[in-house]
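Quick notes on the structure that follows.
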Amino acid sequence: MTEYWGVKAEDIFNTMKDRFRVEGAKGVDAVFGYDIEGAGKWKLTVKNDSMEVEKTDDLSGCVTIMKANEENFIGVNIGKVDATNAFMSGKVKLEGDMGTFGKTTKMFKKYVPAKKVMGTGDYIQDMFSTLVARFQPQGASGLDVSITYNIGGEGGGVWTAYIKDGKCELKTGQPDKPTTKLNVNEAKDWVDVMLGKTDPFSLLSAGRASIEGKTEIALKLGEIFAKYAPKIKEFTTKDYILDMFGTLVQRFQPKGAADLDATITYDIGGEGGGKWTAYIKDGKCELKEGQPEKPTTKLCVNEAKDWVDVMLGKTDPFSLLSAGRASIEGQTAIALKLGEIFSKYIPPSSGGEAEKEELLVLKKTISVNQRFATGPIMGRFLNALKEKKIFTNKCPKCGRVHLPAREVCAECRIPATEWLEVGPKGQVRYMEYVYFSSPDPLTGETRETPYGMLNILLDGCIGNDTFAHLVRRDQINLIKNGRNDVAGTRVRPVWNEKRVGSIFDIKYFEIDE
Amino acid sequence: MSNRVALCAVAQIKNENDAWHARFQNMLHECFESIMTQTKVSFDMDKGIRNIITCSDDMFDARTISNNGITDVVGAQFRGEEKMSQESINGLGYAMSCIMSGHDDVILFMGHCKESQGESRRMVTNLTFDPFYCRPIGMDHLNVSAMQARAYMKKSGVSEEHLAKIVVRSRKNSKKNPNARDNKMVDEKEVMNSPLLADPIRELHYYPVTDWAYGMLLCTEERAREFTDNPIWITGYGSCMDSYFLGDKDLASNFSLKNASSRAYKMAGIKDPKKEINLFELSDQSAYQLPMWAEGVGIADEGKGGKWIEDGGMDKYNVNLSGGMLNGNPLLLGGAARAIECFLQLRGEAGERQVKGVKKALAQASYGPAAQHQAVVIMEK
Ligand SMILES: [Zn+2]
């Protein structure tokens, strides 16, 4: 099982229960199969307002079977691959009753990948707080045991699960003699085990974990507890409010609050609301819940959701004020300065961008995959890169050495037949600073900005026959352009370890010192 | 200025299902070299080529302004270069107007299309449709052609057996054309059993994915002998655009083709195409189109396409001896392929498929959903 865009195929199936919409499944009584190459098979049983999903090898009895590889399946589910394209090009295939299968699109809320990057500590917390819920009495029948987890390292701790009479209780700490004790040196290793990235036996054999007491209980853990699946949730209004105030002190800008001695109270009503006050003095800021008797300025917002919208830039505060959905008490001038006192709130993931209202939006990405022939000339040029050589062809008439190699000399209109090696070092003729990051069409990846785009006159080339590439990012300020007889900065290519016959077999050029 | 334009030379590569060994630049360059060798034409600013017309498609080439990748291999650096992003047959019409207007006296006309490069030709043709109303429904050239096929076959009594006959004949003819795509010979039963793509169109009823490129040299009547001893004359051209939205027209009416051909006949002084024209090359992207276009250019009677097939109309009028578009030419280039076949037949260079005494020939091509656009060229010896 491989991750694509940080998501695994099983993440999508494991969240189906949470994403199930009863209203979308009305009148559906069918079993659907998913055959995801490289990930496995799942069976989805829908019966009116209930659904079950299970991983299975047996897809018999399914009215429709969807077949796709992991990448396409995940891509379609998270909106990275256009579903229509994938279907039309046969990357996603449906066998059986397509009409009924179509209803599954209404049956689930969209899969939203986890937004917050969870740290080891978060995972450990989440694992133990869900442990009791994951307890499976049938897997623990007849057991009367205590299982201690002794997790070391950052985010670790000691917890004990007491199992008796088909019940499970979790306590921190450990009894004198637990039936079984699992010692894991590093919390991170345990997280990897729980997420299926490492298997526990290799940890044990590497001495990074050990078992005390009854080993057979440890081997049964997979039956006693259901598999841990990290939770995936969208930010609610309450999450946003908590995150906004949780980051307020961090976002405080002493420069913008110079000489300010004020208390600013936020009184946010509605679900997820609350009352917080920022105490600002001597270029410092402190946040407390509640409010003093007479805050310098008090912002009252009737609905927490409105305030979230303001902070995310979806609504402007003045329209809230004029609509009577918010008000300011005390010194208004301070409220107007809030943008200077605190830096802009940035939600944990920019993936949750505000949905703007548009008249008409074409969501379909126009893309038809292509495969290109190289022909003999381009093929020879790209192949040479694999050997760390820049090999190109020269016009027999005018002597021009163009880069990359081309079928003909454009000016003489005859084939450029003579091959020679040039460079790989050369001098910069001109470099451009670019402040936006155009994606690479072959990979879709963007680059860090600013970056420097170069035209290099490779050794052995003349005139305007330059070669285009990138410069090492930390050297963009050191490059001098050449012109006419004035030489530019000398540069050399930095080759990629793995070369496949692409322009990025050269990572970039760097100054040749 | 005379009212006829000379076609001095043609060049082409073999139609292939996947020219994996060549970029489209290589394909074009081969044609370019051939034209240069045949005609000894130069790029001299006074006496040579000052303007090049190219034909290609952005979606198939995967680059905006597809002609930017080929300027060097068609000799266009420091010369005029203008792209026809429509059926290549319109490029002939455009070349004619450049020459007849007196703006240019020599035109190089090059075209390429590598259908195999894209993962799905149907997805490309889906993009020709309106994004708000038609693309969402899933329209592409194939399935809207099927709507036209249904309407036309009913109107003109064309049966499944007729279609099978057309396909079998196309494949047989293509065997005699060394530049035709190598296809398997089939019998009528195989055609009728081939999978349905969009009823009534079956897989074997539809032109296969193909890579191809061509070149042509055109010039004024006065200068023709500088480049060839045996010029062929383009004497008529007509084109017509029908409505974009399919619902606006009677799919079986042939309106745009009748209009385009009558304009071409008028220009070439043709009164009765049945008697005056000896050879016809029709762009049958799908088998049903062959009798339909035969009606449109006036060699089959209106509404009698089925009977025309039965009465041997295809051979009587020397229709698509090249194998036709049905045997495989890429989208956009069907018209150029038809014109090149007419040229070879008129020059007596059509080898095994040569018809004796061809004096006038007609090339037709269509483009767009259910043949929205139609154009016809008349060529003479
Ligand atoms: Zn040259």
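The values are calculated or read from the model by the stated rules, or taken from the named source; none is laboratory data. Since the model is a prediction, treat every value here as computed from it, not as a measurement. Neighbour counts run over all protein chains shown; Cβ positions are idealised from the backbone, glycine included.
Below is a table of values for the structure above.
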read-out	value
Answer residue from the range B:294-311, given it is touching a residue at least 40 places away in the same chain (Cβ under 8 Å) and part of a helix (DSSP H, G or I) and is surrounded by the fewest Cβ atoms within 10 Å (Cβ to Cβ) among those	B:E310
Members of the range B:64-78 found to be at the interface with another protein chain (Cβ under 10 Å from one of its Cβ atoms) and of a type outside the set (S, T, N, Q), listed by number	B:I70, B:D72, B:V73, B:V74, B:G75, B:A76, B:F78
Selection count where residues are at negative phi and either of a type in the set (D, E, K, R) or not assigned by TED's automatic domain parsing to the domain that holds A:N484 (or both), scope the range A:389-437	12
Elements of type strands (runs of 3 or more DSSP E) in the range A:83-185, at least 3 residues being crowded, with 18+ Cβ neighbours inside 10 Å	A:145-151, A:157-164, A:180-184
Qualifying residue in the range B:79-96 (condition: within 14 Å of chain A (Cβ to nearest Cβ) and either at negative phi or assigned to a strand (DSSP E or B) (or both))	yes
Subset of the range A:367-409 [at the interface with chain B (Cβ under 7 Å from one of its Cβ atoms) and buried (at least 19 other Cβ atoms within 10 Å of the Cβ)]	A:V368, A:A373, A:G375, A:M378, A:R406, A:E407, A:V408
Any pair with Cβ under 8 angstrom, 6 or more apart, that starts in the range A:66-92 at a residue that is assigned by TED's automatic domain parsing to the domain that holds A:T15 and free of Cβ contacts under 8 Å to residues at least 24 places away in the same chain and ends at one that is β-branched (V, I, T) and not in a helix (DSSP H, G or I)	A:N72/A:V81; A:N72/A:V92; A:V76/A:V92; A:A83/A:V92; A:A86/A:V92; A:K91/A:V81
Residues being away from the ligand (no atom under 14 Å from the Cβ) and of a type in the set (V, I, T) - total across the range A:386-403	1
Residue within the range B:273-289 that is over 22 Å from B:L7 (Cβ atoms) and of a type in the set (F, W, Y) present	yes
In the range B:57-78, residue nearest to B:M325 (Cα to Cα) [restricted to those that are touching a residue at least 40 places away in the same chain (Cβ under 8 Å) and part of a helix (DSSP H, G or I)]	B:F60
Residue ID - farthest from B:H21 (Cα to Cα), chosen from residues in the range B:114-161 that are in a helix (DSSP H, G or I) and among the polar types (S, T, N, Q)	B:S156
Flag for A:P317 being out of contact with any Gly (no Cβ under 8 Å at 6 or more places or on another chain) and either of a type in the set (A, V, I, L, M) or within 19 Å of A:Y240 (Cα to Cα) (or both)	yes
Flag for A:N383 being at pLDDT 90 or above, within 28 Å of A:V494 (Cα to Cα), within 16 Å of the ligand (Cβ to nearest atom) and of a type outside the set (D, E, K, R)	no
Filter pass, A:P415 being touching a strand residue (DSSP E or B) at 6+ places or on another chain (Cβ under 7 Å), within 9 Å of chain B (Cβ to nearest Cβ), over 28 Å from A:G482 (Cβ atoms) and modelled with pLDDT under 95	yes
Number of positions in the range B:215-263 that are assigned to a helix (DSSP H, G or I) and out of contact with any Pro (no Cβ under 9 Å at 6 or more places or on another chain)	11
Residue among B:L331, B:L362, B:L321 that alone is of a type outside the set (G, A, S), part of a loop (DSSP other than H, G, I, E, B) and within 13 Å of the chain's Cα centre (by Cα)	B:L331
Complete set of residues in the range B:111-146 that are under 12 Å from B:P369 (Cβ atoms) and facing another protein chain (nearest Cβ under 9 Å)	B:N126, B:L127, B:R135, B:D140
Condition broken by A:E421, with the remaining ones in (1) assigned to a loop (DSSP other than H, G, I, E, B); (2) over 41 Å from the mean Cα position of the chain (by Cα); (3) under 16 Å from A:I390 (Cα atoms) satisfied	(1)
Inter-residue pairs, beta-carbon under 9 Å, first within 8 Å of A:I264 (Cα to Cα) and in the range A:291-302, second among the aromatic types (F, W, Y), 6+ apart	A:K298/A:Y266; A:L299/A:Y266; A:L299/A:W307
Unique match (being touching a Gly at 6+ places or on another chain (Cβ under 7 Å), part of a helix (DSSP H, G or I) and touching a residue at least 12 places away in the same chain (Cβ under 8 Å)) among B:F32, B:F43	B:F32
Criterion (among the polar types (S, T, N, Q), part of a helix (DSSP H, G or I) and more than 10 Å from every other protein chain (Cβ to nearest Cβ)) met by exactly one of B:T54, B:T37	B:T37
Total residues in the range A:197-211, condition in a loop (DSSP other than H, G, I, E, B) and touching a residue at least 24 places away in the same chain (Cβ under 8 Å)	1
Condition met for A:I346 (among the β-branched types (V, I, T), more than 16 Å from the ligand (Cβ to nearest atom), modelled with pLDDT under 80 and closer than 27 Å to A:E271 by Cα)	yes
Residue satisfying all of: in the range A:411-427; closer than 21 Å to A:N455 by Cα and crowded, with 19+ Cβ neighbours inside 10 Å; nearest to the ligand (Cβ to nearest atom) among these	A:V422
